[in-house]
Amino acid sequence: MWKIPYTRLKNRIYTIMIIPLMFHLSSCLSGEWPGPADIFINWEVVSNTYNEEETMVKAMFTMENAGNTTLGSDGWELYFNQSPRYLLDFDARPGLHLERISGDWYRITPLEGFELKPGETTSFTYESRNWWIKESDAPKGFYFVFHHNDGRQHFMEVENIIIKPFERPEQLSRHFRDQMPVPDPGWQFHENKKMTLLNGDKLPWFIPQAVSVKAGDTDVLFSEKFVIHYEEGLGFEARYLQSMLNDLLGWEIDIQPGFSGERFGIDLLFDDRSVGRNPESYTLQIRENGNIAICGSDNSGVFYGIQSLVSLLPFNTEQTAELVLTTLKAEDAPRFGYRGVHVDVSRNFFPKESIFKLLDILAFYKINTLHMHLTDDEGWRIEIQSLPELTATGGQRGHTTKDANALHPAFGSGPFHHATGKTGGGFYTQQDFIDILQYARDRHIRVIPEINLPGHARAAIKAMEARYEYYMEQGDAESAEEYRLIDPEEQSKYLSAQLFTDNVVNVARESVYRFFETVTGEVIDMYAKAGAVLEIIHVGGDEVPAGAWTKSPMIDDKMNELAYISKPQNMHAYFTERALEILSAHGINMAGWEEVALKADASGHHVPNPDFANGPVIPYVWNNLWGMQDLGYRLANRGFPVILCHVTAFYFDLAYNKDPEEPGLYWGGFVNTRSAWHYNPYNVFWTTLKDNMGREIDTDLEYQDMERLNVSARENILGLQAQLWSETILSTDMLEYYLLPKLIGFAESAWAKERVWETTPDPELRQKQVEEMWNIFANKLAQHELPRLSHIFGGYNYRIPPPGAVIKDDMLKANTEFPGLIIRYTTDGSTPDANSPIYQEAVSAGNQSVKLKAFDASGRSSRTVRLGRH
């Protein structure tokens, strides 16, 4: 008998994984069922606008049997994933039944009399709530489950999935109320006309911009024949700079402790006079005699001074024996002490090597916090050794049933556990996580772990139910109940934001807090082993659905004990209170999404909860839409330390624009690089100018009664954070594409000093200032920042915006969103490449089809745009 359930659980998952593979092979040999290439599935959106009142979408499946085996009326099901919409209706006339099982997991089953013979096709339509306007909205992860007469079953992933293009107006708009234009080449050309190309001397030296830069007029020649000197305590920073110079220039530089005496070479020094003695501040000086001095208020300041120096180096991939730099003196300090990026590794998992690369670029742009979303409904991604079920059950997805103690497929992860090339499975071992912590620590980035409770907890619940089941089988009821997270007698009915009915822990159970303390205890130990500081643990705390806890005997009993709680929904505050006690005992602050700072008043509206103000509860405020634009300020004015994470500027998983080929979500609108740059942290009313449907907001009227941020409460705005939720991010390449170059605009908002337009009261003058400063920033992106991304830290999969273009009077005119990008075009139907003609001025297009792409100086290009005949 095994002493702990880990071996047993491993054995169970092994069995689940291997048996379907065996069944798959045997069925292929028998020819009893269609093969992976025999079934073709076509999907298209019929219309998003057929209902004038409701937000509804109609889509169509077409299934073709290209094999030699008839698909009959029993013995099979077809599963897939699609963004979790409310399924409203479907057309059963072809003899098929469609249902949403759980979350984004759907199933198609045949009805009596259905038959799809070789060479035949069948189609059916279905309707869902909301809309689908993008290729990334299409269903994915199709697989058949075939049932044999002897009880065996096997899985088959479908190879041929065809997503028909989004071309018609009713496919491209969300509803009649959708006022956001589709960015076709003509619209983009009109928008780009605001932009002008600037000479390099008009651009800032650094991004994010420094507090002050005084440049000289002397160029200084450097070679690898110099030494990096460093003050005691700056050894790592010296080695980091040594490594960067080697990677970027091919130089072998010596490092030595001490001081050069302001002679030829680089000095890394402490100086508490740097920019008002602010933490993380630095001074960078390049002198005529070839001495470069980086003086920081602390190690972080020196490190950020190094990043600014590195940004002055050539961004081409050719290594050089000599380097010319201009004399200058830069003084710099961050505007906010908290500059964070959140990455969701739960919905889709990214290995530690991807996180290392992410940390590199965050550090380069002076981001000092990585918030890791480690747990959610669809995955538990960190090893807890005393609870191995969390990763054995919660670290993998595969075919199962809704009620089984396992995680079903999500986001196209498919039927197989441990599938290669998929992001549905995986977790960080404790050593992996320690490696991440140390890598981040060495780059002056703190890592904030998120353990999501009491909602978004389906993976944890399923894992602990698997544990419960195991111990009950052993006759050990005490151990079975030790970490259980549900009330088995609860009859509450609810539907979460992602359409789960079983993802909320029962906060009346004492074992919930034993679970939380056990998990956080091991997390704390990992930080200690890594030598990393743990200041904050994020508990999530968001989106507990209405109806949760309303029919739970355990909740009823606990509320009878707690005279101060009269509504089941305010048991959320009880959880926050208990979790806070556990973390405070370790000297750790508690963070959560905005809900952790709220409670329901007598009318059921959520209002700031004064019980948690002026203390170690840090709300991360994402909502700046739907009348909640002032929520962050209301909390800050009442003493809460606040992180602003506003969706319209900082949700990087939202698509860059409405183009159907541009992947991402859009429930909160669209977010591009300018969105992240054009942000006013102390007056968000001046930069939240459209709602999620593109409607212009009358700011004087709609914001007139909203609460402004008190000047005295500005100190409660700790900083800013950008979010990367991963529902639609299915690879590291996609992660980088969503992040870059949005991150660069965010870095400017989080680090650089207050911009002049942020305090200009006249709206016309303010808009003029915004356009002028954005043009400068966009030029800097095109001419320096984007080409650097092609090779720094091994290079990134960043986005280059496609060009705008029109043909008028047979003349082709084109322009770019970021001036300084190069436009190349063809008229022979081929895709533009590095050898295609460069667009410089209007050229004759005649009646030919034209294709265009934008390129940066590294040779990386945008998507192709097409004009004329197709």
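The values are calculated or read from the model by the stated rules, or taken from the named source; none is laboratory data. Just so we're clear, the structure is a prediction, and the values are computed from it rather than from any experiment. Backbone-built Cβ (ideal geometry, glycine too); neighbour counts: all protein chains shown. Note: accessible area is taken over every heavy atom of the protein model, side chains too, but ligands, DNA and RNA are not part of it. Shrake-Rupley method; radii C 1.70, N 1.55, O 1.52, S 1.80 Å.
Identify the residues of segment 514-538 with backbone N under 19 Å of a label point that sits 7 angstrom from the Cα of F356 along the Cα-to-Cβ direction, or state none. Taking a point 7 Å out along Cα→Cβ of F356, the residues of segment 514-538 whose backbone N falls under 19 Å are 530-532. Selection among Q491, V642, F222 by position relative to the dipole of the chain gives F222 as farthest towards the positive end (Cβ unit charges, Cα centre). Bridges between two residues of the chain, per DSSP, are antiparallel at a rate of about 60%. Probing with 1.4 Å while keeping every protein chain in the model, the per residue accessible area of the chain equals 39 Å².
Distances between placed amide hydrogens fall under 5 Å for R695 paired with Q179, all partners being 5 or more residues away or on another chain. Taken as Cα centroids, segment 239-271 and segment 592-645 sit 46 Å apart, rounded to the nearest whole angstrom. Other residues with beta-carbon under 9 Å from the beta-carbon of T326 carry, at +1 per Lys or Arg and -1 per Asp or Glu, a net charge of -2.
Using just the helices of the chain, give the 222 nm mean residue ellipticity in deg cm²/dmol: DSSP H runs with n ≥ 4 each add -39,500 (n - 2.57), and the total is spread over all residues, rounded to 500.
Only helices count here, giving -7500 deg cm²/dmol.
Considering only L312, A293, Y338, the residue lying farthest towards the positive end of the dipole of segment 270-350 is Y338, judged by Cα position with unit charges set on Cβ. Candidate membrane-span-like segments in the chain, meaning DSSP H helices with Cα atoms spread over at least 24 Å of their own axis and a Kyte-Doolittle mean of -1.0 or above, are 5-30, 510-530, with no membrane implied. The equivalent ellipsoid of segment 620-697 has semi-axes of 23, 12, 10 Å, largest first, where each one is the square root of 5 times an eigenvalue of the Cα gyration tensor. When each of the peptides 540-549, 323-332 is scored by the mean number of other C-beta atoms lying within 10 Å of its residues, the order from highest to lowest reads 540-549, 323-332. Under 12 Å from the 7 Å Cα→Cβ point of T320, by amide nitrogen: which residues of segment 241-261? In segment 241-261, the label zone of T320 (backbone N under 12 Å from the point 7 Å along Cα→Cβ) covers 249-250. Summary of the geometry: segment 748-778 and segment 793-870, compared by the centres of their Cα atoms, lie 30 Å apart. Protein heavy-atom surface of segment 436-482, 1.4 angstrom probe: 39% of the accessible area is carbon and sulfur, with nucleic acids and ligands not counted.
Of interest is the spacing of the C-alpha centroids, which for segment 120-152 and segment 482-506 amounts to 27 Å. Between Q385 and Q438, what's the calculated FRET efficiency when r is the beta-carbon distance and R0 is 25 Å? Round to 0.05. Using R0 = 25 Å, I get an efficiency of 0.85. The fraction of accessible area contributed by carbon and sulfur in segment 308-393 is 46 percent, rounded to a whole number (1.4 Å probe; ligands and nucleic acids excluded).
Modelled label positions at L701 and V182, each set 7 Å beyond Cα in the direction of Cβ, lie 3.0 nm from each other.
With a Förster radius of 60 Å, plug the Cβ-Cβ distance of T831 and D272 into 1/(1 + (r/R0)^6) and report the FRET value to the nearest 0.05.
Details: r = 56 Å, r/R0 = 0.93.
According to the calculation, E is roughly 0.60.
Just how many % of Cα pairs in segment 293-379 lie over 16 Å apart, if you round to the nearest whole percent? Walk me through the intermediate numbers first.
Values: 2452 of 3741 pairs.
Summing the P(r) tail past 16 Å for segment 293-379 gives 66 percent.
If you take all other residues with their beta carbon under 11 Å from the beta carbon of T826, and give Lys and Arg +1 and Asp and Glu -1, the sum is +2.
Using 0.36 nm times the number of residues separating E841 and A497, minus their current alpha carbon distance, what extension gain do you get?
Details: separation 344, 0.36 × 344 = 123.84 nm, distance 5.03 nm.
This chain segment gains 118.8 nm when fully extended.
Segment 764-870 has equivalent-ellipsoid semi-axes of 26, 20, 9 Å, by the square roots of 5 times the alpha carbon gyration tensor eigenvalues, sorted largest first.
Local charge sum around T759 (other residues, Cβ-Cβ under 12 Å, Lys/Arg +1, Asp/Glu -1)?
Details: positive: K753, R755, R766; negative: E754, E758, D762.
That sum, taken over residues with Cβ under 12 Å, equals 0.
Multiplying the residue separation of T518 and E754 by 0.36 nm and removing their Cα-Cα distance gives an extension gain of 80.6 nm.
Rounded to 0.05, the FRET efficiency of the E159 and E535 pair, given R0 = 56 Å and the Cβ-Cβ distance, is 0.70.
This model, with +1 at the C-beta of Lys and Arg and -1 at the C-beta of Asp and Glu, gives segment 614-755 a dipole about its Cα centre of some 460 debye. Surface composition of segment 718-870: carbon and sulfur make up 50 percent of the accessible area, probe 1.4 Å. Straight-line reach from K140: taking Cα to Cα under 20 Å and skipping same-chain neighbours fewer than 8 places apart, the lysines in range are K58, K164, K402, K422.
When the Cα positions of A480, N716, A563 are compared along the charge dipole of the chain, N716 comes out farthest toward the positive end, with charges on each C-beta of Lys, Arg, Asp and Glu.
Over every Cα atom in segment 721-802, the radius of gyration and the widest Cα-Cα span, Dmax, amount to 15.3, 45 Å. Only lysines eight or more places from K753 in sequence, or on another chain, were considered; those with a Cα closer than 22 Å are K202, K214, K329, K366, K742, K768, K780.
A protection proxy built from the mean count of other Cβ atoms within 10 Å ranks the segments 173-184, 624-635, 796-807, most packed first, as 796-807, 624-635, 173-184. Overall, segment 427-553 carries a charge dipole of about 440 debye about its Cα centre when +1 sits on the Cβ of Lys and Arg and -1 on the Cβ of Asp and Glu, all other atoms neutral.
So, with +1 on the Cβ of K and R and -1 on the Cβ of D and E, and no other charges, what is the size of the charge dipole of segment 44-167 about its Cα centre, to the nearest 20 debye?
So the magnitude is around 200 debye.
For F222, the amide hydrogen comes within under 5 Å of the amide hydrogens of L323, V324, L325, counting only partners 5 or more places away or on other chains and with H modelled in the peptide plane.
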